[in-house]
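Heads up: the structure comes next, in C-alpha cells.
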Amino acid sequence: MADRRGLLIILSSPSGAGKSTLAKRLMKWDPTLRFSISATTRQPRPGEEDGVDYHFITVDDFKTAVAENEMLEHAHVFGNFYGSPKGPVKDAIDGGGDVLFDIDWQGAQQIRNSALGQHTLSIFILPPSITELRRRLESRGQDDAETISRRMEKSWDEISHWGSYDHVLINDDLDASEEALKTIITATRLRRIQQPNLTDHVRSLQSEFEEMK
C-alpha cells in the first residue's frame, strides 16, 4: 500500500482567469503530479495532439463511455462534450499520485459526488476584475469576437459557484497564487484520510504501550 493516498486536485475558473497557467506551474514544481487528460468531441486546435492535450473521440464513443460509467465527470460545453476517464485517475491515486483537473464547476460537483469524492481538493480561481478577464481572453488570440463574447457571458455563471469550493484564490499575481496553491496542496496531502497507514501505525503504538505495562 502506498504511504499516501493521492488527491484529485480540481482547479476551476472562468476562461482567462489563469487556471491553466497555474496548473502548468504546479506540474513544474512537482513533476509527480499527473494532469488528467480529458476526452472531448471537439476538433483539435492548431498544435494540439491527441492523447497529450485531449483524447479526441467521436460523439458516439463519448456517449458509450458515459453509459458504461467510464467517465468520472462529463459536461456539454459550447456545443461539445468533455469528460474525465475514470480508470487512469483511480489507478493514480491508489498508487499515491495526485491528479490535476482543469474543469468547470459542473465537473467539480460530479467528482465531489463520486466514489472518489472524499479525496478531492477543489480550488476556484477568481480574476481580479471582469475588465482584466476580457483583456486576457482577447490577448490570447485564440478565439474570435463571438466566442469571446460567449465566454464572457458564461463567466458569471462560473464565478457564481465559487462558494462550493474548498479554497478560493484571487489571481491578481501569478507568483503569489502559485505559492498559495503549493501551500494548500502540501497541507491537504497530510489529511488523515490521505494517510492509509496511520491506523496500522497507531495500532503498533498501542501494542508497544501495552507491552510497557
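A few remarks follow.
- Here the chain is assigned +1 on the Cβ of each Lys and Arg and -1 on the Cβ of each Asp and Glu. Its dipole about the Cα centre then comes out at about 300 debye.
- Long-range amide H partners of M71 with built H, under 5 Å: K86
- Considering only the chain, percent of DSSP beta bridges that pair antiparallel, nearest 5: 30
- Among D98, D144, D50: highest mean-square fluctuation, GNM of the chain, C-alpha pairs under 10 Å: D144
- Helices in the chain, meaning DSSP H runs of at least 4 residues, each add -39500 (n - 2.57). Divided by all residues, the mean residue ellipticity at 222 nm is -13000 deg cm²/dmol.
- Taking amide hydrogens as placed 1.01 Å from N in the peptide plane, the amide H of I170 sits under 5 Å from those of L126, each at least 5 positions away in sequence or on another chain.
- Charge-dipole axis of the range 109-153 as Lys and Arg at +1 and Asp and Glu at -1 on Cβ define it, positive-most pick from N113, Q142, M152: N113
- Net charge contributed by nearby residues that have their C-beta within less than 14 Å of R112 (K/R +1, D/E -1): -3
- Charge-dipole axis of the range 16-142 as Lys and Arg at +1 and Asp and Glu at -1 on Cβ define it, positive-most pick from F35, T21, P85: T21
- Other residues with beta-carbon under 15 Å from the beta-carbon of Q195 carry, at +1 per Lys or Arg and -1 per Asp or Glu, a net charge of +2.
We did not get these values from a lab; they are worked out from the coordinates using the rules stated. The structure presented is a predicted model; accordingly, all values stated were derived computationally and were not measured. Cβ: placed from backbone, ideal geometry, glycine included. Neighbour counts: every protein chain shown.
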